[in-house]
Every structure is written in structure tokens, then in C-alpha cells.
1. Looking at (1) touching a residue at least 24 places away in the same chain (Cβ under 8 Å); (2) more than 16 Å from the ligand (Cβ to nearest atom); (3) assigned to a helix (DSSP H, G or I), which is the one condition that is false for residue 90?
2. If residue 139 passes every condition in (1) more than 13 Å from the ligand (Cβ to nearest atom); (2) of a type outside the set (D, E, K, R); (3) over 20 Å from residue 251 (Cβ atoms) but one, which one does it miss?
3. Only one of 273, 265 is among the polar types (S, T, N, Q) and more than 21 Å from the chain's Cα centre (by Cα); which?
4. What about residue 260, is it open to solvent by less than 10 Å² (accessible area, probe 1.4 Å) and either over 30 Å from residue 288 (Cα atoms) or of a type in the set (Val, Ile, Thr) (or both)?
5. Condition (residue is open to solvent by 10 Å² or more (accessible area, probe 1.4 Å) and among the hydroxyl-bearing types (Ser, Thr, Tyr)) applied to region 175-191: is it met by at least one residue?
6. State which residue is farthest from residue 317 (Cα to Cα) when the search covers only region 148-188 and only residues that are assigned to a loop (DSSP other than H, G, I, E, B), in contact with an Asp or Glu (Cβ under 7 Å, 6 or more places away or on another chain) and of a type in the set (Asp, Glu).
7. Hey, can you tell me all the residues within region 236-268 that are part of a loop (DSSP other than H, G, I, E, B) and in contact (Cβ under 8 Å) with a residue 24 or more places away in the chain?
Amino acid sequence: MLTAQTETINALDLAWVRSQFPSLAQIVNGHPATFLDGPGGTQVPQRVIDAISDYLKRDNANTGGAYATSRHTDAMIAGARSAMADFLGCDPDEVIFGPNMTSLTFAISRSIGRELGEGDEIVLTHLDHDANISPWRALEERGVTIRMVEIYEDDCTLDMDDVARKITDRTKLVAVGYASNAVGTINDVKEIIRLAHQRGAMSYIDAVHYAPHGPIDVRALDCDFLVCSTYKFFGPHMGVLYGKREHLKRLDPYKVRANTNAIPNRWEWGTLNHECIAGITACVDYLADLGRRVSASASARRAAVLAAYDAIQKQERGLMESLIRGILTIPGLRLYGISDPKRYDQRCPTLAVRINGRTPLELATRLGERGIFTWDGNYYALNLTERLDVEKDGGFLRIGLAHYNTAQEVACLLATLQEIVG
Ligand SMILES: Cc1ncc(COP(=O)(O)O)c(C=O)c1O
């Protein structure tokens, strides 16, 4: 696991963190709003809101024009690319902006698909979000064969022996999630990427669920592509893709003729959501500021982001430990995924549960009435809910912690669940 290049990381100042997020102060039905819906999208700090509205107020223009607001827009986008490069550990020209992870993945899969045909194979997993499955399955119409990696149902982890078996000399690409958005499992993506490269295959990492919980270093991973969505880590509704420069140059995107052939812009089509791109820089700067507050020696933005994740992981670990300990005492409750405290390094604080006699929708609705926001269903991790045979019964209740959650919120959730179950 990556750590910041700093000696001491202090605990994060939760009062400061919460003061950054105006939405956390809401009251719903007389109860303080408790946001346990982070896996569906996190809340945003005030500076992200300000950056979006300041852009619209002052700099709203299209790119490439010979006048002030257009030049400001070009500079702003370049700044956001640098911010995401610091976040991911790459160069700015390897950063592609798009509307969301799903659209970016369909775009890349179509382009990679141009080079594939009969006899070529793509390896996917049963643990993944459908956005990292359907775009690749679409290539079956070109004759590509899809191989699905098995999981261990008892703890919802990938069968790594099966990963090694399924990757062969016919494999052209391995697409796998960094972490499961349903059950929280963190996959050993570094090892999977190594196995892919050993057989000459490319790797495509879906880091959407991992990004709010842990630091990403695309160079250390050596992945070929990695994709994430800023709305899952305190930013606006946008998707971001990292691609190795050699692939971004070599692969052939579907694009309009007037668009440049230079990277990164050849992978960005039409007019992007400029105001949200302005919000992306603010979101990375929020994390960097958090990092500087917990580590005196983390001044450069990348170092500060890494320091922030050290503190975020400590905060989330404490909350997750008490949440899992408490939730396992609820009668009739089953937790899906890793529950052994010795293995908590291998999971995010995202819990999928079912309670006998209650549908996930009923539980989410009752909690919602008390101002506690959770999610129910499959969250598009459809392969997993079908595999675990819970799809027909409403999927799971998902409880997702973020670093801005508090011990009181966890206690309140547990007490409310106990009360609902009776
Ligand atoms: C793990 C994972 N991958 C992909 C996606 C899709 O992301 P987007 O909404 O940006 O298309 C999500 C969204 O929930 C997700 O959780």
C-alpha cells in the first residue's frame, strides 16, 4: 500500500473536514442527514461548488478562441489535467476527461476492439460493476471470447488461481476493478496487471470505487489504463481516464475529423463540461489541503494527496471496525464480503448486508425516513448479485462510509437498524 513520503501523519481534524462540506449540515425529517451513500456519489466541499459557479460567472467559453475567457478556459482545463496527474501519479497528457467512467470505457473498448477479432480473449471478473463488463462484452460481436474469473462466495474475493488460469497467450486485455462497489473487496490489481503483462495482454483498471478510499499510483501499478469518476471522490459528476501515452497515441479513437490527432485531446470529443472540470482542480486541492493539515512536510500536491489518504484510511478503518462489530450483532443479518478484522486491509468500508424477513428496499426506506442515506439493489454489480442469488430478492442494503462520517453516525445507524429489526 502506498504511503506519503512523510514521517508523521496526524489524525484528520474531523470538525475541519465536515466544515468543508455544506450538505452535511442538512436536517431531514428532523434528523441530521447521515450520508452513507458515498459509493453512489460523495458530497462535495464548498470550494468545488465555488469553482464551478466562478467558472460560469467569469470564464464561460469554448476552447481555442482568441479572446480572454476562451484562453482562461484553456488554462483552466490544463490546470485540471495537472491536478489529476498529481492525483494519479502520471503526466498531464495521459489524462482524459469524459462524462463518466461508463462512457469512457465504451469509447476505449470500441477503439481496442478495432484491433481484435476471432480467437482473441478478454478476461473479466464476476466481482465487477457492469460498466467494466458490458463495454467489453460488446466486442463478442467481433468474435472476441470473454473469460470470467471466479470468486470465492464466502468472502467475495477473486480466485487468484483462476485469474492466472484464465489469462493465456490468447488474452488481449484484462479488465478488473480496483475495489468492489458492492461488497468492498480490494483486489490485488498489481498482481493481476503483472499476470496480464506476462502474457502480453493490456490491463484496464476500474478505480471508481477505490478512489475515495485509497491512493492511486498508476506508474507503480504499471496499468495500461485506469479509470475513475470524480463524483465518487468529492468532486463533480465527471469521468477521468489514465492511459499509457504509447496506447493513447497508437490506438485509433472514433472521432470527428476536425478534432486534433494529438493526445490527450484526440480522446475527448465535442465540448466537455468545463464548469465541472473547474471543480476537479478544487476537489484535488481539497484533498491536498487535508494532507497538508495532517503532515507538516507534505507540501507538493502529490505528496499532500498521499498524506491525505493516510489520514483518510486511518479514519475510515476506525469507523469500519465499529460498524462491522456492531452490525454483526443484529439478529438475522448477513454481511457479504470480508469480515475478518485481520483482513480489513483487503476491503473498503463499503458493507453489503441482508436481514432476514426484510427487503433491502424496505430497510433503505426506513433508514431514509430517519435521515440515514443508504442504497439498496445491485448498484450495477449485476454479475455479483446474480451469482450470490440475491438479485431476485432485491440485492443488498449497501452502507458506505466516507472519511467525513462520524462515530456518532455509525452508532445512530446501528441503533436505528436494531430498532427496525425489533
Ligand atoms: C465500481 C464502479 N465502476 C464503474 C461505475 C460507473 O461509473 P460512472 O457512473 O462514472 O459511469 C461505478 C458507479 O457506481 C462504480 O461504482
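The values are calculated or read from the model by the stated rules, or taken from the named source; none is laboratory data. Predicted model only: the values in this text are computed from it and were never measured. Backbone-built Cβ (ideal geometry, glycine too); neighbour counts: all protein chains shown. Areas reflect the complete protein model, heavy atoms only, side chains present, ligands, DNA and RNA absent. Shrake-Rupley method; radii C 1.70, N 1.55, O 1.52, S 1.80 Å.
1. Every listed condition holds for residue 90 apart from (3).
2. Going through (1) more than 13 Å from the ligand (Cβ to nearest atom); (2) of a type outside the set (D, E, K, R); (3) over 20 Å from residue 251 (Cβ atoms) one by one, residue 139 breaks only (3).
3. 265
4. On the way: open to solvent by less than 10 Å² (accessible area, probe 1.4 Å): no; either over 30 Å from residue 288 (Cα atoms) or of a type in the set (Val, Ile, Thr) (or both): yes.
No, not satisfied.
5. Yes.
6. Checked region 148-188; the qualifying residue farthest from residue 317 (Cα to Cα) is 150.
7. 236, 237, 238, 244, 251, 252, 253, 254, 263, 264, 268
For every residue, the table says whether it meets (1) in contact with a Phe, Trp or Tyr (Cβ under 7 Å, 6 or more places away or on another chain); (2) open to solvent by less than 40 Å² (accessible area, probe 1.4 Å).
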residue	(1), (2)
25	no, no
30	no, no
37	yes, yes
56	no, no
61	no, yes
65	no, yes
78	no, no
89	no, yes
99	no, no
